[in-house]
Structures are given as structure tokens and as C-alpha cells.
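Have a look at the structure below, then the notes.
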Amino acid sequence: MTKHATVLHLPPILWLSFASLLQTWAASALEGIVVTPAGVPYAGARVQVLGQSGVAVTDREGRFYLEGEPTPPFVLLLCRPDGVALRPIPVPTKPEGVLQVRLEPFATETVSVISGTAPDLELPPAAAFTLTGRAELDARAPAQLFQALEDIPGAGRSGDGLAAVPSLRGLASSRTLILLDEGRVSAERRAGPSATFLDPVTIEEMEVVRGPGAVAYGSDAFGGVIRLRTRLPSFGEPDRLRYTLAAADATGERSAAVELTTSLGGGGLLLGASHRVFSDYRSPTGEIPVSGGEGSSFRLGFQRLVGGGSLRLLWRSDLAFDVGKPATDSNVTRTTYPEERSHRFSLQYDHGPALGLARVSLALNADSYRLLTDRATVPPPGAPREVTRASVSARDWGVRAEGERSLGKVRMVVGLDGSGRFHLQAVNDAFVYEADRPCCAVRTSHEVSIADADRSDLGAFASLAGRVGGVELSGGARYDAVWSSTQGGYFGQRTEKSGAFSGFAAASLPLGGGFSAALQVARGFREPLLSDRYYRGITGRGFITGNPELEPEHSLQFDGALRLERANATLSLYAFAYRIEDLIERYRSGSNYFFRNRGAATITGVELEGTAKLSGAVSCHAGVQALRGRVRDDGTPTDDIPPLGGFLALRAYLSPRWSWHTRLAVTARDERPGPSERVTPGT
């Protein structure tokens, strides 16, 4: 079966504008050099102007060239070779000759929160970008990934407890892409990937892009991208041993983590481990059943210069055990995840000017994944306990190669991007525990739901950006070919093929006085999960049967942004309207669940956020959100839409060791729950 997506049609005037850009003469460039606190050239660093697209990589002598010399004042954002951002560097006036950038001591080089334009050329400029560094993550100490997103307008979650799934702009269920060290975090859970196994203390930096990301990443990026990075040290950095001990009363958390970084073999070595335990949550009304869990992590990484570029190698093993899924009917039926394992290897290489390009990047990823789901009845005294278990395992791969160069005054990024999942297996077993023998189980049934399934997605993309007069125009296009198949199991042997075009066109305009505006239109797609098509068995909600005839979803997305940037403050207003066609919906019939394509859904919203430096080390970050989603067929609300709400956070970094942080959040009562949700009170 072959399916073809609708081709993105953009106004001809935009294509003519891009064509005229290609005829412009070469632009001037900003030349600079980056050195360490000791004055040694810093190779492999990524340099860009904050709020603008385009990235340069420093060579062996620490030199970089940014095409299209920016007009002062501007702010440079430097990233270490591992991609982790350093403290922004203001450039108030045009430098005389070569701009020299001297890094601060490594112990003080930390970023809290940066908001602005998406930094990658292949992401639309009206998308909202937030970078959260290690200092902010340490101050807030989130227990799970979704909690690290609490200070981002438009961010939400699906579900409760440790297994809650993060989402952006009301687009959950694998419509928000999560990247860990440039590799996709995938799961066959119908709610989408939650990265339950991930301990935030092991993450050095989190980038969140709210808005369409299909040109850059293909499927699964309707709502945006959550990109997480593990820190790797550079050669010459001081040896450091960092440890963390934590305990909390309400959540019953007890955790410990240790991380060693040192120089070895001309590069930097990372060795880290962590372990944590959560007992059942104690609320004001009492203990919440099946709300606890346990997890462990191990990391080994190495980074050094090779062939004039930066090579990074990293292994992560992240494990979660006995993670509960609290629900209103937990006194009758309880769902837990006894085991979730991810063993992940990543290789990344970044090089400065080479092969006629200003920058070349390569990323390879491999992951082995396993998830167990138990659904158990709570029996009356003296009765046997019945447990149904789903065991899912798979292997993932990913490869991405991209290059950037200048065509006169036009910046261009081209690349190839592939990802896939193979050897997916799913087995369902049922057990009975006799009341007088609670230690021993008798298996009563065994079913192979999926014997061997796989999916491969191969994409090619290109993006352009340049100025026509005072307006910066940008656009991008991508084509993906996707193959899905299953061999054996409930649905037997099947193969599905599809092709999808994605794209965006955008215009950005400086308005003067620190104001700027951006408008964009984008189109993307989402391929159904293998389990959406081929799985039959238990889930966290109950018994479900897949649908091999599912069509891919497609989106038409409009975004607008109005930004104000001053020396010590920023203010951004975002508005968006998204239409999702061929919506893949999980619906209930009787006591079981099924999948279908259901017409179209629309999501609209407004987000307002600002940052300000109040005095000395004290800063403020605030945001407000108002979103609404509905199914166009009958006007019913869609799931996973965050309620009306806002937050105000104050923080102060007094020294590398001391800081304080306080936060106030308010949410309205949600009177429009989705079909699988309930009315929730405000706070």
C-alpha cells in the first residue's frame, strides 16, 4: 500500500524572493577568535548571534567566521564542543579587526535561561526558543522531565505521577519530539515517550523549541522539539568531582548522583552514575497508591579534537523500575511499569570549514529499549490476584548529516536525516497469584502480539535564509520516505509505505526600538507508531487493538511572534493556529480501545513570556498561556490542552555554590476536558 502526502504549496512571490536572494553578491563576515581563560585557542566551539540563524565552528586556532556581519549591538552565544551553551557575550560596538572572545573560568560558565528565536536555520523564526542550563536545573531540582518544563508557556503533560508524558502546545501522543544527545526518544506507549527512565540531574542543558519542526526532524514534531544534552568535558578543563544528595518529604524521594570529569588521551572523559527511589506520594488527603518508583543511570563519555573537528562518544544506560501510574480507579485496577530500560550509544562530529561548507556535522545513534506494563486487579480478601503483562522490546537507529554554507548573502543548510525502529516485539501474558501463595504465579495465557516489526524513515532537507531590504526571508523543504512492516503476530504479515513533503516559509522584520516581528506558515506530518498499527494487548488504560489502515497525520500551522529585546529585559508574544488533518484518535468501544483517523482538529493559542534582570544577581522570568483545541467534526475538546495559567519565578545566583529560587504558579479550572480526561480544579 502506497500513500502520498499533500505537497506544500507556498505563494509564488516567496519562491521568487528566494531566487532573487541567490543572485546577491558575497556578504561581509564577522571574524573572531575564541580563547580559554588562560589565553589558549578554543577549538570546536559553536558560535552564533543570539536571535539570528547561522552557526560557525572554531578551528584549531580558535578562529571563526560568521557570514553576514551583524550590526552592533548584538549578543554572541557560544557553545562548547558538546553543544552545551556558555554564558552569552554582549558585543556593544563594531570590533576593530578580529573580535577576541575570552571565556570565563569553566566553573563560572553557566547559563540559566535564554529565550528568543530558534537558533537552527532549519527551524522557523517565529518558533519560541528557551534554553535552560545546568544552574537553573540545579536550582529547581525537577524529579522528572515534565517538571523541568513547568516554566515554559504552552508546555503541558499527559497523565500523572512519575510516568507523565511531556508535551508542547497541547500536542502529546508522539506529536512532540524528544531528543537525547541528538537521538530520538521513542516509546510504544500510546500517550507518547515520557523518558520516565531519565534522571534530570544527568542532563547539562535543555533546549525547547515551541512550534513546527518537521523540516528539521520529520515526523513527530508538530508541537515542537525538546532537546536534551549530556555534558562532556573538553581537554584541559580542571578535574572535577560533582555529587548530589537529595531527599524530599512529600514525594518520598531519596537520591544520590556522582560525576567525574577529567582530561585523558588528549581529550575529556566523563564517568557518572545515579540512583533514586520514590515512595508513594503523600497528598493532603492521604497516600496516593502506585505513585512511586525507582531508577538508575550510568554514563561514560569521551570528547577530543580529531582531524580539526570535535568528536564526541557517549554511552548511557538509563533504567526505571516499578514506576506507578496513579489513577482514580487505583483501588480497583492498578497499572505499573515494572521495568523500562534504555541503553544508548551516540557519536557526534562537528567540523568547521570543510568540503566547501562553513560547517559540517554528523550524528549517529543506536538504542536498545524495553518496557514492561502490568495491569493488575485489586482482589477482595481471600481472592486470587490477576495480572496481565505486556512486554515490548525494540532497537532504534538514527543518522543525521548536515552542512551549512553561504551563497552570497544567503545562508543555506542542507542535510540527510534517517531514523528507525527494528526488531520490535510485543508479548502479552496473564498470571494468577493465589491468595494463599502470593509469592508464586501461574501463567494462564500467552499471546504474541507483534513477532517482528520495523519502521524506517529517510529524509532529505534544505533551508535558506537571507535579507531583501530590511526583511529577512527564510524557508525550507523536506521529503521523507517511510516504510513500516510486521512479520507474524496478531495482524500477520503486512507492509505500509508512504511519502511526505514538509516545508515552511517565513518573514522576519525589525520594527525599531528593540521590537521585531515574525510570521510563518508550515506543513508537517506524523507517521503512526508501529503499535498504533500492529499492537493488540494491554496498555495503561486497558485493552487496545491497533489499526494497520491508519493514514499519516498532516498539519498546516500558522505562527506569529512579536518580540522586544532590551539590555536587561525581553518580552515575547506568540500566537498560533494549527490544523491537524487525518487525526489519529484512540477511542473506546465497550470496554476496549481502538484506533482510527478522525477528520481534523484545530489548536489555537497565545503565549506571553518575559525575562528581566532586576538588580544585582536577581532575575525574573514570567509567562502566561491560553490554548484551546477542538475536533472540527463535532466541536468536542481535544485531549492534552494545558489549562489557562501563568507563573512568576524569581531567582538569584549568588556564587557558583549558592543560589535561591522561588516560584508562583496559577492555573484556572479546566471545564473543557478531552474525551479521555476529566474536569480538573484550578490552583
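The values are calculated or read from the model by the stated rules, or taken from the named source; none is laboratory data. Only a predicted model underlies this, so the values are computations on that prediction, with no experimental measurement involved. Backbone-built Cβ (ideal geometry, glycine too); neighbour counts: all protein chains shown.
Taking Leu550 and the conditions (1) under 21 Å from Ala451 (Cβ atoms); (2) crowded, with 24+ Cβ neighbours inside 10 Å, which numbered condition does it fall short on, given that it satisfies the others?
Condition not satisfied by Leu550: (2).
Keeping to segment 504-532, report how many residues are over 28 Å from Glu565 (Cβ atoms) and surrounded by fewer than 24 Cβ atoms within 10 Å (Cβ to Cβ).
So the answer is 1.
Can you tell me which residue is surrounded by the fewest Cβ atoms within 10 Å (Cβ to Cβ) among those in segment 594-627 that are touching a residue at least 60 places away in the same chain (Cβ under 8 Å) and in contact with a Lys or Arg (Cβ under 8 Å, 6 or more places away or on another chain)?
Step by step, filter segment 594-627, then rank; the result is Ser619.
Select from segment 337-353 the residues that are modelled with pLDDT of 85 or more and surrounded by fewer than 21 Cβ atoms within 10 Å (Cβ to Cβ) and list them in ascending order.
Matches in segment 337-353: Pro338, Glu339, Arg341, His343, Phe345, Leu347, Tyr349.
If I filter segment 133-151 for residues that are within 30 Å of Met412 (Cα to Cα), in contact with a strand residue (DSSP E or B) (Cβ under 8 Å, 6 or more places away or on another chain) and outside the structural domain of Pro338 (by the TED database), do I get at least one hit?
Yes, there is a match, as at least one residue in segment 133-151 is within 30 Å of Met412 (Cα to Cα), in contact with a strand residue (DSSP E or B) (Cβ under 8 Å, 6 or more places away or on another chain) and outside the structural domain of Pro338 (by the TED database).
Select from segment 638-683 the residues that are more than 25 Å from the chain's Cα centre (by Cα), under 30 Å from Arg598 (Cα atoms) and among the charged types (D, E, K, R) and list them in ascending order.
Correct list: Arg669, Asp670, Glu671, Arg672, Arg678.
Which strands (runs of 3 or more DSSP E) sit wholly inside segment 37-107 and have at least 2 residues that are among the aliphatic types (A, V, I, L, M)?
Qualifying strands (runs of 3 or more DSSP E): 46-49, 74-79, 89-91, 99-102.
So which of Arg385, Arg455 ends up being in the same structural domain as Val215 (by the TED database), of a type in the set (D, E, K, R) and surrounded by fewer than 17 Cβ atoms within 10 Å (Cβ to Cβ)?
Selected residue: Arg385, the only one of Arg385, Arg455 that is in the same structural domain as Val215 (by the TED database), of a type in the set (D, E, K, R) and surrounded by fewer than 17 Cβ atoms within 10 Å (Cβ to Cβ).
Determine whether segment 246-259 contains at least one residue that is over 20 Å from Arg341 (Cα atoms), in a strand (DSSP E or B) and out of contact with any Ser or Thr (no Cβ under 9 Å at 6 or more places or on another chain).
The answer is no, given that none of the residues of segment 246-259 is over 20 Å from Arg341 (Cα atoms), in a strand (DSSP E or B) and out of contact with any Ser or Thr (no Cβ under 9 Å at 6 or more places or on another chain).
Condition test on Thr71, is it outside the structural domain of Ala256 (by the TED database) and at pLDDT 75 or above?
Yes.
Suppose we filter Ala363, Ala327, Ala376 for residues that are surrounded by 15 or more Cβ atoms within 10 Å (Cβ to Cβ) and in a loop (DSSP other than H, G, I, E, B); which single one remains?
None of the other options fit; the residue is Ala327.
Looking only at segment 442-500, filter to residues that are among the basic types (Lys, Arg) and farther than 18 Å from Thr545 by Cα; which one of those is modelled with the lowest pLDDT?
Arg443
Looking at Ala221, Ala155, which is the one that is in the same structural domain as Ser346 (by the TED database) and either over 23 Å from Arg276 (Cβ atoms) or under 15 Å from the mean Cα position of the chain (by Cα) (or both)?
One residue alone meets the criteria, Ala221.
Among the residues of segment 136-152 satisfying the criterion of being small (Gly, Ala, Ser) and assigned to a loop (DSSP other than H, G, I, E, B), which is farthest from the chain's Cα centre (by Cα)?
Residue satisfying both the conditions and the ranking: Ala141.
Would you pick out the residues in segment 83-125 that are of a type in the set (A, V, I, L, M), at pLDDT 80 or above and within 26 Å of Tyr653 (Cβ to Cβ)?
Passing the criteria: Ile89, Val91, Val101, Leu103.
Among (1) within 30 Å of Cys620 (Cα to Cα); (2) of a type in the set (Asp, Glu); (3) outside any strand (DSSP E or B), there is one condition Asp532 misses while meeting the rest; what is its number?
(1)
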